[in-house]
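Computed from the coordinates by the stated procedures, all read-outs in this text should not be read as laboratory data. Computed from a prediction, not measured in an experiment: that's the story for all the values here. Neighbour counts are summed over all protein chains in view; Cβ atoms, including those assigned to glycine, are modelled from backbone coordinates with ideal geometry.
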Amino acid sequence: MLLSFLQLGQVDYPTALELQQMLVQLRKQQRIGDTLLLLEHEPLLTLGRNSHRENIIATDEALAERGITIYETNRGGDVTFHGPGQLIGYPVLDLRSTFAAHPGSAPLGARAGSASPETTQPRLGAVDYVRRLEEAIIRTCGEFGVPTQRVPGRTGVWTIPTAAQPEKKLCAIGVHISAGITSHGFALNLTTDLADFDLIVPCGIADRGVTSLAAEIRPPHTVPTMEALGHANPRAGLPRRPARNQPRGLTGLHEKSAELCITSCSGIPSPALRRMT
């Protein structure tokens with residue numbers, strides 16, 4: 001799978017949302033290929049479709065004093081914090097064509113004997129898609145010496161528990177899928193100020209804490225830069241080469257998981273993108 005990869009630095013949330021919406025429409029029209037946005041946000045809170053306002057502990061006045069805005073979104077999940085030092089990934093993928101069924105096997109969700117286009121077209125289901133996002137993050141964390149895991153019933157990527165403390169959440173995931181096209185995505189804590197999560201009950205989970213790669217990395221590994229984290233290659237030995245005719249804001253060829261092969265894109269005619277590049 002070829003994926004256009006844009007590493008954009010810090011982008012305000014409304015602009016990033018506008019860009020996602022534009023890319024989703026272009027992907028539905030088959031005018032662009034699959035695209036991954038990697039960026040950071042200013043300090044803010046987002047509320048998912050399943051959020052509960054009582055999971056915001058801080059008062060509106062306290063949030064306003066710190067310049068933190070609340071945004072309601074159509075992604076899954078509850079409330080989460082975004083801010084500097086956190087790698088945000090927004091994949092815009094067509095699940096109907098990106099992930100083909102294995103030869104000789106039925107497409108995901110297909111019934112035996114069914115001939116309708118919806119069941120004969122290979123596609124990846126929402127749950128399987130989230131599991132693949134988790135797998136890509138787990139492999140990336142492993143590259144920096146941090147073993148991580150899934151926790152049954154709790155979306156995201158978590159540390160391995162020890163005798164002294166339970167697992168902590170390292171990466172939050174919340175997605176939206178419309179007509180097979182994905183938006184929103186993951187938030188991986190790199191050097192995020194973990195005190196900011198005290199403003200909320202992160203993801204509505206009160207009995208587990210939040211951590212970051214910077215807090216978990218041990219020698220001989222060192223804390224990567226945001227750019228290095230975005231370029232992390234979980235499959236050792238994969239060749240790298242620069243992209244051709246690379247517009248500003250784009251990076252070269254690398255792989256985020258066994259399923260995601262990153263290449264250059266030809267540019268997107270959008271005022272939102274021009275503002276960021």
Amide H contacts under 5 Å for S212, placed H, 5+ residues apart: none
Relative to a virtual label point 7 Å from the Cα of E72 in the Cα→beta-carbon direction, which members of the range 11-48 show backbone nitrogen distances below 17 Å? 14, 45-48
Using Cβ counts within 10 Å as a stand-in for footprinting exposure, how do V24, V127, V157, V223 rank, fewest first? V127, V223, V24, V157
Roughly what would the spin-label model give for E143 and A126, points 7 Å off Cα along C-beta, in nm? 3.0
Any chance you could check the Cα centroid distance between the range 1-47 and the range 129-188 for me, in angstrom? 19
